[in-house]
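Undergrad: Below is the structure I would like to discuss, written out as structure tokens.
The values are calculated or read from the model by the stated rules, or taken from the named source; none is laboratory data. Treat the numbers as computed from the prediction; the structure is a model and nothing was measured. Every residue, glycine as well, gets a Cβ built from its backbone with ideal geometry; the counts of neighbours run over all protein chains shown.
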Amino acid sequence: MTPSPIETEARTATDATPLRHKRSRLLTRFRRSQDGATAVEFAFIAFPFLILLAAIIETALMFWTSQVLEEAVSQASRRLLTGEAATRYTGNAAANTIAFRNDVCAAAPGLVDCSKLVVDVRTYSSFANAKTGVDGSNPISAGGLNTTGFGYNQQPQPQQIVVVRAVLEYSLYFTQWSASLANIGSGRRGIVASTTFRSEPFNAPAT
């Protein structure tokens, strides 16, 4: 017996229903599937995150080195403050410069490359003169490092104004991502530590 058109249509609709349900379930599973989503999301943020992390580490190391150098200069300068320098640094200007630089380096082991450290010791009659002298011999200018004339220039006398500076040519680690920190050329930053004080009224050794 040949089925009527109505029965054929009903049977076709009934057979199609499971297929529609199957497709619907597949689409639902596709929408809900998040396999690999984390990896894809991390791929988008990984590079900016690494740049930020490198910049943070670079800045922290630079400031740490700066603080260590400041403390080392302060410790080494105490000999100039108390007059001990007159009996410790008894050579010529070149020898005294090396000796004082070594004392600064000894107080800052590990972080400060002594071969890239330049020290400067100068005395003045007043703080105003000291300011003028320091302003006129800025080691970092015009995007470069200039330490011409730096050294252990004068032996501090009692109650003189003493200016001590240490200039470190610091090499940046992440040069491509830390360009904004460089101030004396590509991949390099000049770090300056200084202290100014009036020496104590110690008894100067007889000359």
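Undergrad: Output the number of residues of the stretch 118-146 satisfying the condition of being in a strand (DSSP E or B) and touching a residue at least 24 places away in the same chain (Cβ under 8 Å).
TA: So the count comes out to 10.
Undergrad: Do we have any residue at all in the stretch 65-74 that's of a type outside the set (A, V, I, L, M) and over 15 Å from the mean Cα position of the chain (by Cα)?
TA: Within the stretch 65-74 (the criterion being of a type outside the set (A, V, I, L, M) and over 15 Å from the mean Cα position of the chain (by Cα)), the answer is yes, since at least one residue qualifies.
Undergrad: I'm told residue 181 meets every condition in (1) touching an Asp or Glu at 6+ places or on another chain (Cβ under 9 Å); (2) without any contact (Cβ under 8 Å) to a residue 12 or more places away in the chain except one. Can you identify the failing condition by its number?
TA: Result: residue 181 fails condition (2) only.
Undergrad: Hey, another quick one. Take the residues in the stretch 42-78 that are touching a residue at least 24 places away in the same chain (Cβ under 8 Å) and β-branched (Val, Ile, Thr), then tell me which one is nearest to residue 120 (Cα to Cα).
TA: Ranking the candidates gives 73 first.
Undergrad: What residue, of 95, 166, 193, 99, is under 15 Å from the mean Cα position of the chain (by Cα) and either at pLDDT 95 or above or assigned to a strand (DSSP E or B) (or both)?
TA: Unique residue meeting the criteria: 193.
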